[in-house]
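The values are calculated or read from the model by the stated rules, or taken from the named source; none is laboratory data. This structure is a prediction, so every number in the text was calculated from the model and none was measured. Cβ: placed from backbone, ideal geometry, glycine included. Neighbour counts: every protein chain shown. Protein only, heavy atoms only, side chains kept; ligands, DNA and RNA dropped before computing areas. Shrake-Rupley method; radii C 1.70, N 1.55, O 1.52, S 1.80 Å.
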Amino acid sequence: MFVEPHSTVLLSHASIAFLLYTDPGSGILVWQLLLAAFFGAMFYLRKVKDLIVRRRHRPRAE
Amino acid sequence: MNPSYGTRPVPASDSLTGQSIKATATFRDPAGRVLLLKDRVLRLVTSQGAQELRRFLDTNTARELLARGQIVQTKFSDTEIHELGLSVSEVGPLPNSSAALVVEHQRIAPRSFPYEWSPRMLHAAGSLMLDLAERPLEENFSLKDATPYNVLFNGPQPIFVDLLSFESRDPHDPTWLPFNQFVRTILLPLLMNKYLGLRLDQLLLAHREGIEPAEVAQACGLLRQFHPLFLSLVFFPHWLGKKRSNNNGSIYQQRKLSNPEQVRFILQRQFRQLRRQLDKLQPSGRDSEWSGYMTADRHFSEDYLQAKQSFVAEALESTAARKVLDVGCNTGHFSRLAAEHGASVVAIDQDPAVIDLVWKQAAANRLDILPLVVNLARPTPAVGWRNQECPSFLDRTRGEFDLVLMLAVLHHLLVSEQVPLPAILELAAELTSKFLLIEFVLPADPMFHSLVRGREELYCELTRESFEHFANEFFTITRAHCLTDTRWIYLLRKL
């Protein structure tokens, strides 16, 4: 790991920021994977919910 | 005969040869290269890229997008690459010429870049890209990148121009790879603009690939990071990025799910999440020092405005100008007048707040106005690789207009920017191919006086006679009209 001076134009008050070298955007990608995992689980939860709702509304046999 | 895609056909391709290359617009995409000729836009595409492009253009989604003008009109040309007589020195290494094809696109001019857009324009470009990523999902296509440089503005309407960005997607892959790019180039700049008040040109001129969450985290402080939008766009990504700084590459391994229905569900949810965040970042249209300039009673009398408007309307009629540049357009009053007279208008002002207003009104009223955040005294420089990737504003616009409007702007350039009068007139003569409509303001004018701030002696020689003397170096005076004791308006024809 090395330290890279990273000058930024936008940070007018903190003219030089020292950031530990990180893979650019990797945090966003990890966050995206977590979201995808959450949505993936949601897909099955919705299936289970639909199944329960369908069963509830199914007319009972005499 | 090759098919043409879109409602407005691009020109026939039989006269492509012999035109000189003005610029190569892209070189990053291995699947193709864009060449800008004088009036035409060509794309050289590898055979593989062409195959993918044809498949996309044959989808129902592409047909709908073309009909709505959301993607650029396109035609496969009959011309072979070797017929164009291109040399490597002109355009760089070409795709394998025996296998490559020439595609012609509708020309969108002038090109504009994200750092010249107002916040609402960047928002509209982001919204378009989300549409384009999501809508072709059913037909197994999506966007492979999400940079705002793939969008241009045709008047006020955003249009996606990089059709090679559409690729077949793996129905088992739940990851939309450009997610990261979309966040960095669209959402985070809008977030910093909306909550930290930073201008887009400050952010995007220096950051081609957008902003990192770490940079936003540093600028906004810890407390603000607990705002819900900052949590998902800044805090968590920044924290997760730091946690996994000893990268072993595992996050980049492709993930596959067996159920395509689940994959589509995940992708649609991701797009919905991004859409929600984009909606929350809708610019609020803040006021600025200049946004009430035209309506402020202290500035102008009704008679003055009426006389000026009549003169401009008459000039638009008599010159029959089709392409107009409005320098220092403010809230776009005269840009709208020119657009209503049938001209295609580029309206520039240094204030993003007024450009936001002009864009909003032009989009709502479907007026052919392209508003850009450009200060003529410090026009957008050429940026990118070898300073050739994104040409300067002046290189894109020099000689492109029949009529240049410089209304109530000359004294700002003379006094605030300290640009000599002959230099201003010389630049105006470069920008216009025919006419200049300019308002001359004498130093005795109250607005001039308020800008001078005690340096009156610098402008003691600025008279109507001296103005006309310098104007005659580049133009002939076609018409002049006195608006007030201290303001004159001139229609000049280029020599």
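For the stretch B:199-231, taking the residues that are assigned to a loop (DSSP other than H, G, I, E, B) and surrounded by fewer than 18 Cβ atoms within 10 Å (Cβ to Cβ), the one that is farthest from the chain's Cα centre (by Cα) is identified as B:LEU222. Return a yes/no flag: does the stretch A:22-38 have any residue that is part of a loop (DSSP other than H, G, I, E, B), at the interface with another protein chain (Cβ under 10 Å from one of its Cβ atoms), modelled with pLDDT of 60 or more and within 21 Å of the chain's Cα centre (by Cα). Yes, that holds for at least one residue. Looking at B:LEU257, B:LEU196, just one residue is touching a Pro at 6+ places or on another chain (Cβ under 6 Å), open to solvent by less than 60 Å² (accessible area, probe 1.4 Å) and within 9 Å of another protein chain (Cβ to nearest Cβ), and that residue is B:LEU257. Screening the candidates B:GLU134, B:GLU167, B:GLU90 for the property of being modelled with pLDDT under 90, not polar (S, T, N, Q) and not in a loop (DSSP other than H, G, I, E, B) yields one hit, B:GLU90.
Can you tell me which residue in the stretch B:133-160 is farthest from B:LEU274 (Cα to Cα), limited to those that are of a type in the set (A, V, I, L, M, F, W, C) and surrounded by 23 or more Cβ atoms within 10 Å (Cβ to Cβ)? The qualifying residue farthest from B:LEU274 (Cα to Cα) is B:PHE153.
Of the numbered criteria (1) out of contact with any Ser or Thr (no Cβ under 7 Å at 6 or more places or on another chain); (2) farther than 19 Å from B:LYS434 by Cα, the one B:ALA313 fails is (2). Of all residues in the stretch B:207-225, those satisfying the criterion of being more than 7 Å from chain A (Cβ to nearest Cβ) and either more than 11 Å from B:LEU196 (Cβ to Cβ) or β-branched (Val, Ile, Thr) (or both) are B:HIS207, B:ARG208, B:GLU209, B:GLY210, B:ILE211, B:VAL216, B:ALA217, B:LEU222, B:LEU223, B:GLN225.
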